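Worksheet: one structure, shown below.
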Protein chains: 2
Amino acid sequence: MVTIRDVAKASGFSSTTVSIVLNNAPLSRYIPPDTKKKIERAAKRLGYRPNQFARSLRSRRSHAVGVMVFDMTDPYCTLVLRGIENTLYQSSYLPILTDVHNERARFERYLEMLLDRRIEGLIVLANWLFLDINLLADVEKSSIPTAMIGCELKTDSISSVIVDNEVGGYLAMEHLHSLGHRKIAFIRGPKGLTDTTPRWRGIRNCARDCQYEIDNRLIMEIPESRDPMSSFDAGQKLTEDLIRQKRPFTALLAFDDMSAFGAIRALTRAGIRVPEHCSVIGFDDVATSALYTPALTTVRQPMEAMGASAVGVVVEGINAVLEKRDVGATHRKVAPELVVRESTRSLL
Amino acid sequence: MVTIRDVAKASGFSSTTVSIVLNNAPLSRYIPPDTKKKIERAAKRLGYRPNQFARSLRSRRSHAVGVMVFDMTDPYCTLVLRGIENTLYQSSYLPILTDVHNERARFERYLEMLLDRRIEGLIVLANWLFLDINLLADVEKSSIPTAMIGCELKTDSISSVIVDNEVGGYLAMEHLHSLGHRKIAFIRGPKGLTDTTPRWRGIRNCARDCQYEIDNRLIMEIPESRDPMSSFDAGQKLTEDLIRQKRPFTALLAFDDMSAFGAIRALTRAGIRVPEHCSVIGFDDVATSALYTPALTTVRQPMEAMGASAVGVVVEGINAVLEKRDVGATHRKVAPELVVRESTRSLL
DNA sequence: AACCTCATCGGAAACGTTTACGGGTCGAAA
DNA sequence: TTTCGACCCGTAAACGTTTCCGATGAGGTT
């Protein structure tokens with residue numbers, strides 16, 4: 001291990017000067033160029049790499065941010081994580097990734113570990129979360145900049161980045177209605193999810209604006225479950241129920257892409273072709289949607305951008321505490337986008 | 001910030017004793033129980049949390065392992081990552097996740113950052129890698145325990161965990177043949193991938209054993225590309241080519257699940273129903289396969305187990321260097337498993 | 001001649017742990 | 001009485017940085 005003292009010895013200067021030069025500290029204005037040269041030469045020649053432990057101990061900075069995911073296997077996570085990673089990379093922070101498995105104990109344990117590591121920021125990917133608000137008490141009092149993706153918080157110490165579910169719901173409904181569908185079935189999200197209500201509100205608003213009357217008997221609801229994949233099974237089963245009901249519908253608006261996939265399978269198995277006999281629209285635009293047969297029409301959440309945005313908020317927060325400014329929590333609500341592919345078709 | 005000295009003061013003992021007690025160091029045998037009690041009380045009362053920086057500086061341990069992924073968006077990664085995360089959690093290491101984006105520069109930069117953090121182990125997820133062997137020179141001389149998933153290495157300083165591609169290829173071929181298919185089309189992997197050759201060898205071995213003669217005009221090959229998703233487009237395009245060729249086939253053996261999805265889309269668009277008119281089999285069993293319509297028959301890589309296995313190897317390596325033993329690299333080849341779902345059907 | 005400013009550097013004190021070493025006490029064996 | 005373990009605990013030196021103070025000259029100003 002080559003230390004700064006080795007470089008000092010090799011270059012003939014003190015470790016103070018070496019440190020100042022190698023870090024381009026403010027004082028390095030006063031160091032003549034040829035001294036700098038010598039020091040840099042020596043450092044390079046010895047292959048000096050500063051010890052991050054010592055550096056962190058001294059500076060109280062870890063250059064790491066924690067990323068907590070509630071369930072990695074949710075395909076929703078992938079692109080968000082990519083966005084997070086990519087943006088952190090630009091700011092040369094490193095992400096410590098933890099997967100809570102939707103378990104309270106794991107959440108607490110991981111949070112402790114992350115705080116012990118003195119992470120400078122925290123990003124929580126609360127995609128499929130049955131929100132337990134007091135889980136976040138520890139986070140709040142830790143006073144490190146935190147952003148939550150996919151779940152709005154009342155507290156104003158924690159930032160959040162979410163998609164505008166209401167306009168998303170509106171977009172989906174509007175799309176189906178504009179295609180001429182007048183018998184639309186719905187698969188609502190589970191009650192516990194924060195996304196469920198605003199999406200439904202958007203749908204209802206659109207229905208009102210179109211003077212379309214929603215048939216209550218064509219509304220199904222996904223039961224609560226900790227597993228995001230369960231949405232697929234629920235979508236399939238509920239669609240089977242709808243079919244069995246013999247109440248005709250020409251389109252189906254699913255809560256998310258997973259349940260849309262389930263619906264498509266159920267329809268296909270029943271001999272109902274998508275989109276020829278029935279249109280299906282999802283929500284999220286997970287990677288699979290573009291690959292599905294038929295390719296899924298859906299409302300896209302700009303997931304990569306949301307990840308990037310969360311990092312932006314957190315990094316801004318970090319800079320704020322460094323400069324002893326304080327910024328309040330910022331809450332961003334990003335616009336979804338309708339992506340028309342093959343699973344919906346005009347009735348006209 | 002409450003330090004160990006605060007605890008010492010509060011409990012009336014020296015920081016030495018506090019450290020020994022709180023860490024259950026060997027010497028703590030000599031400390032009488034009631035001293036321990038007092039110290040633990042004080043620590044708890046003050047909410048003492050040891051500073052990991054200082055601890056790491058002293059002990060030269062980071063309790064972190066680096067995870068390098070070549071492309072996170074590859075659905076293959078998800079479950080492997082879950083396996084890695086879960087197993088690391090058991091051993092209370094934390095993962096630092098980096099995504100190389102298949103770029104050389106990024107790889108090198110990230111590797112430097114990880115080494116600077118003194119990671120104790122490294123796991124490389126080389127799923128879709130056009131192997132550049134000398135990228136790993138730095139890794140080798142760093143002498144930290146390293147495991148590579150999805151790519152066998154010649155070097156014996158780096159461990160590896162891979163699926164047995166040859167028996168996988170054999171299984172897929174055997175499945176189709178046993179269903180009675182005698183006109184089978186193939187989509188081979190790109191030349192640059194290490195998986196391609198052994199899988200194809202397995203297929204050919206099986207063909208030989210069954211006395212089935214492979215029709216060269218029914219063999220297509222995926223072109224090289226850095227993007228794992230490109231496999232889908234390639235699968236679709238190549239299948240279109242096959243169809244246009246007018247050379248009949250009743251089954252298609254795809255390189256991986258992505259290309260199988262592409263194939264299914266091409267077939268479906270051409271009015272060829274899967275599996276009624278043509279069976280399709282994939283490889284990997286990514287999460288989407290079970291959700292696809294039709295659900296995809298495929299050869300499963302036990303991805304979660306492979307992630308866990310890689311962690312096992314690395315942790316074992318870490319323990320080895322701690323105890324100054326040295327263990328050579330271990331190379332594990334895990335068995336794949338045929339998963340029969342809906343996309344293949346018997347001709348008999 | 002006394003005083004200040006700039007430029008250039010080094011000494012030494014932190015940051016919070018862990019641990020090698022040694023100093024006690026106390027009972028028992030020689 | 002001395003010696004010798006076995007216990008119990010504290011002093012101080014690391015680990016490798018960064019940074020607060022100066023120190024020293026050189027040159028310019030009062």
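The values are calculated or read from the model by the stated rules, or taken from the named source; none is laboratory data. Since the structure is predicted, the reported quantities are computational estimates derived from the model, not experimental observations. Cβ sites come from the backbone with ideal geometry, for glycine too, and all protein chains shown count toward neighbours.
Some notes on this structure:
- Of the residues B:ASP284, B:ASP326, the single one that is of a type in the set (Asp, Glu) and more than 29 Å from B:SER143 (Cα to Cα) is B:ASP284.
- Selection status of B:PRO33, at negative phi and more than 10 Å from DNA strand C (Cβ to nearest atom): yes
- Scan of the stretch A:53-71 for residues that are surrounded by fewer than 24 Cβ atoms within 10 Å (Cβ to Cβ) and either among the β-branched types (Val, Ile, Thr) or away from DNA strand D (no atom under 16 Å from the Cβ) (or both), ordered by number: A:ALA64, A:MET68, A:ASP71
- Residue satisfying condition, being over 30 Å from A:GLU112 (Cα atoms) and either within 14 Å of DNA strand C (Cβ to nearest atom) or touching a Ser or Thr at 6+ places or on another chain (Cβ under 7 Å) (or both), within set A:PRO75, A:PRO26: A:PRO26
- Of all residues assigned to the stretch A:235-251, at least one qualifies as being more than 13 Å from every other protein chain (Cβ to nearest Cβ), in contact (Cβ under 8 Å) with a residue 60 or more places away in the chain and in contact with a His (Cβ under 6 Å, 6 or more places away or on another chain).
- Tally, over the stretch A:1-32, of residues that are among the hydrophobic types (A, V, I, L, M, F, W, C) and more than 9 Å from DNA strand D (Cβ to nearest atom): 4
- Residue count, the stretch A:204-220 (criterion: part of a helix (DSSP H, G or I) and closer than 14 Å to A:LYS183 by Cα): 5
- Taking the criterion of being more than 13 Å from chain B (Cβ to nearest Cβ), within 30 Å of the chain's Cα centre (by Cα) and surrounded by fewer than 23 Cβ atoms within 10 Å (Cβ to Cβ), the only residue of the stretch A:276-301 that qualifies is A:ARG300.
- Extreme residue, farthest from the other protein chains (Cβ to nearest Cβ), among residues of the stretch B:137-146 that are in a helix (DSSP H, G or I) and touching a residue at least 24 places away in the same chain (Cβ under 8 Å): B:VAL139
- Any chance A:ARG60 is away from DNA strand C (no atom under 16 Å from the Cβ), facing chain B (nearest Cβ under 9 Å) and among the basic types (Lys, Arg): no
- In the stretch A:73-90, the residues that are at pLDDT 95 or above and touching a Lys or Arg at 6+ places or on another chain (Cβ under 9 Å): A:TYR89
- Test set (1) more than 12 Å from DNA strand D (Cβ to nearest atom); (2) within 30 Å of A:ILE318 (Cα to Cα) - A:ARG41 fails condition number: (2)
- Hits in the stretch A:122-172 (condition: farther than 17 Å from A:GLN301 by Cα, over 15 Å from the mean Cα position of the chain (by Cα) and among the small types (Gly, Ala, Ser)): A:ALA137, A:SER142, A:SER143, A:SER157
- Residues that are surrounded by fewer than 19 Cβ atoms within 10 Å (Cβ to Cβ) and either among the aromatic types (Phe, Trp, Tyr) or closer than 16 Å to B:ILE84 by Cβ (or both) within the stretch B:100-146 comprise just one, B:PHE130.
- Listed conditions (1) at pLDDT below 95; (2) of a type in the set (Val, Ile, Thr); (3) not in a helix (DSSP H, G or I) are all met by A:ILE123, apart from (1).
- Given (1) in contact with a helix residue (DSSP H, G or I) (Cβ under 6 Å, 6 or more places away or on another chain); (2) at positive phi, number of the condition A:LYS246 does not satisfy: (1)
- So A:VAL80, is it buried (at least 23 other Cβ atoms within 10 Å of the Cβ), more than 10 Å from chain B (Cβ to nearest Cβ) and under 13 Å from the mean Cα position of the chain (by Cα): yes
- A:ASN134 being assigned to a helix (DSSP H, G or I), within 30 Å of B:ALA64 (Cβ to Cβ) and at pLDDT below 95: yes
- The stretch A:1-18 - residue that is within 17 Å of A:ASN51 (Cβ to Cβ) and near DNA strand C (Cβ under 8 Å from one of its atoms) and, of those, surrounded by the most Cβ atoms within 10 Å (Cβ to Cβ): A:VAL18
- The residue list B:PRO32, B:PRO50 contains one member that is facing chain A (nearest Cβ under 9 Å), surrounded by fewer than 21 Cβ atoms within 10 Å (Cβ to Cβ) and over 22 Å from the mean Cα position of the chain (by Cα), which is B:PRO50.
Residue by residue, here is whether (1) more than 8 Å from chain B (Cβ to nearest Cβ); (2) farther than 30 Å from B:ARG109 by Cα holds:
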{"position": "A:ASP71", "(1), (2)": "yes, no"}
{"position": "A:PRO95", "(1), (2)": "no, no"}
{"position": "A:ARG104", "(1), (2)": "yes, yes"}
{"position": "A:ILE119", "(1), (2)": "yes, no"}
{"position": "A:TRP128", "(1), (2)": "yes, yes"}
{"position": "A:GLU166", "(1), (2)": "yes, yes"}
{"position": "A:TYR170", "(1), (2)": "yes, yes"}
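- Being touching a residue at least 12 places away in the same chain (Cβ under 8 Å) and assigned to a loop (DSSP other than H, G, I, E, B) holds for only one residue in A:ALA320, A:ALA329, A:ALA310, and it is A:ALA329.
- Among the residues listed as A:ARG265, A:ARG273, the single one being within 14 Å of chain B (Cβ to nearest Cβ), under 25 Å from A:ARG188 (Cα atoms), assigned to a helix (DSSP H, G or I) and of a type in the set (Lys, Arg): A:ARG265
- Scanning the stretch A:252-273 for residues that are out of contact with any Ser or Thr (no Cβ under 8 Å at 6 or more places or on another chain) and in contact (Cβ under 8 Å) with a residue 40 or more places away in the chain yields a count of 2.
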